[in-house]
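The structure appears right after this line, and notes come after that.
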Amino acid sequence: MKLVVIGFGQCGGRIADEFLRLNRRARAHRGIEITPGVFAVNTDAADLSGLQSIKADYQHRILIGGRKTGGHGVGKINELGAEITREDVDKVVDAIRSTRRFYEADAFLLIAGAAGGTGSGGIAIVTQYIKDRYGDKPVYNIIVLPFEHEETTEERTVYNTATCLKSVSSVADAVILVDNQRYVRKDSSLKNNIAKINALIVEPFYNLLCAGEEKKAKYIGVRMLDAGDIIQTLVGWTVIGYGKSQLPLIRLPFERTRNFRKKSAESNKGIQAMDGALSELSLKCNPADAGRALYLLAAPAREMNMDLVKGLGDYIRDLAPDAIIRNGDYPRERGVLDVTVILSDLSDVEKVRKYYSESAGFIREVSRKQEQAEGKLRGIEEAAKDIPTLL
Ligand SMILES: Nc1nc2c(ncn2[C@@H]2O[C@H](COP(=O)(O)OP(=O)(O)OP(=O)(O)O)[C@@H](O)[C@H]2O)c(=O)[nH]1
Ligand SMILES: [Mg+2]
């Protein structure tokens, strides 16, 4: 599957940058292309300059709102992010359309952090615009949810997240939720973590996007997972996960017997990788709420057998009994067996509900504070009423 990837704001831009690195890896190791176009859109010139891989011209690093923000961002005011994006949306879409290979893409993937200003405000605007213009291609969003500490220290965090989620859910074909807090590893500094977190966020997309683009017979599975399967799976609230098990690098010829113990060990490796994928989902959710699911098994061809694939299917069927389940196998390198899982069309996501209800409180609190401030202002004006002015 091929994606045009567009990152908004700092978070979205950096993750889009990471997708470009994924594409380089696919090209170098597998001779295939998964992202025919990668772009970053921001109101902040410095953030655009800080990207590493996205082409450094104005058509790939797209600065918007120049006059209004002076190139310095919108300071977490996502209404302003939305307004500026609305004014400059033609500029964004023209830049994207002018890239040569735009028409090769199967879908669009737009990415933003929900708690910021530019990305949080802009992503729904461009999603809607692209949907109206290019209705034949699905438009997906990756929405990154804030760290816990941001929710407690920054007032607007929860409110921005809630308004962003509500807006994207009404326009995007699917919203892939990624919770920053799930990736926090206590043992390294946050900065090192952010780069690591971004790499972890995109990792599940590697095999998923590559599988359907393979041309070499030896890498084509019995049941090849292609863009059609992914498009049929991605609807509404969505999470993604990835897990792997190490396999012995070399098997001696006498080990390749049809030994039942070996076969069951292989199934266990498969279940272990699937467990890893489910426990590392990009956001905690209840798999039973999924209306659609997909899993992709990648392993050396000789390690894959029907029992293994079926075992994984049974396992996910138990957890998500109401889901339409699609699957695929992808013969790959020696030494690892990995499983990618998508749970989609989720009928409930606890964390999204929490953002909505908490920000209702924030809206009340803001109007209370505003009234209070206006009252005080009236007081000071009253006290100044007999003082002459020099103007
Ligand atoms: N995973 C991840 N999260 C990030 C990254 N950068 C920022 N965030 C998160 O995204 C949210 C802030 O959004 P930003 O992208 O920085 O904001 P912005 O869209 O640039 O908007 P303004 O700076 O307000 O104009 C916070 O929750 C951050 O924790 C990143 O590179 N990776
Ligand atoms: Mg910014």
### When each of Lys55/Lys216; Lys137/Lys218; Lys131/Lys284; Lys166/Lys354; Lys76/Lys166; Lys76/Lys196 is checked by Cα-Cα distance, pairs over 21 Å
Lys55/Lys216; Lys137/Lys218; Lys131/Lys284; Lys76/Lys196
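Subtracting the Cα-Cα distance from 0.36 nm times the residue separation, let me have the gained length for Phe102 to Arg133 in nm, one decimal.
Values: separation 31, 0.36 × 31 = 11.16 nm, distance 1.36 nm.
Value of the extension gain: 9.8 nm.
Averaging the inverse of every distinct alpha carbon separation and then flipping it gives the Kirkwood radius. What is it for region 303-391, in angstrom units? Don't skip to the answer; put the middle values down first.
On the way: mean 1/r = 0.0505 Å⁻¹.
After inverting the pairwise mean of 1/r, the radius is 19.8 Å.
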#### Entry: Gaussian network model of the chain, Cα within-10 Å springs - most flexible of Thr238, Thr153, Thr43
Thr153
### Query
Which whole-number percent gives the relative contact order of the chain, counting Cα pairs below 8 Å spaced six or more residues apart?
15 percent
### Of all accessible heavy-atom area on the chain, the percent that carbon and sulfur account for (1.4 Å)
53 percent
### Query
Full extension from Thr152 to Gln246: what is 0.36 nm times the residue separation minus their Cα-Cα distance, to one decimal in nm?
29.9 nm
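Fully extended, how many nm does the chain gain between Asp314 and Ile194 (0.36 nm per residue separation, minus their Cα-Cα distance)?
Values: separation 120, 0.36 × 120 = 43.20 nm, distance 3.57 nm.
Length difference between fully extended and current span is 39.6 nm.
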#### Entry: Using distinct alpha-carbon pairs, which all enter the 1/r mean, Kirkwood radius of the chain in Å
22.5 Å
### Message
Run the reach check for Lys68 against aspartates and glutamates, Cα to Cα strictly under 16 Å, same-chain hits fewer than 8 apart removed. What comes back?
### Response
Asp44, Glu79, Glu83, Glu87, Asp88
### Message
Just to be sure I understand: with springs between alpha-carbon atoms less than 10 Å apart, which residue in Val41, Val184, Val339 has the highest mean-square fluctuation in the Gaussian network model of the chain?
### Response
Val184
#### Entry: Förster radius 56 Å - calculated FRET efficiency between Ala45 and Met306 (Cβ-Cβ, nearest 0.05)
0.55
### Query
For Lys244, which lysines qualify as cross-link partners when the Cα separation must be under 17 Å and same-chain residues fewer than eight apart are set aside?
Lys269
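The values are calculated or read from the model by the stated rules, or taken from the named source; none is laboratory data. Only a predicted model underlies this, so the values are computations on that prediction, with no experimental measurement involved. Using ideal geometry, Cβ is built from the backbone for each residue, glycine included, and neighbour counts are taken over all protein chains shown. Protein only, heavy atoms only, side chains kept; ligands, DNA and RNA dropped before computing areas. Shrake-Rupley method; radii C 1.70, N 1.55, O 1.52, S 1.80 Å.
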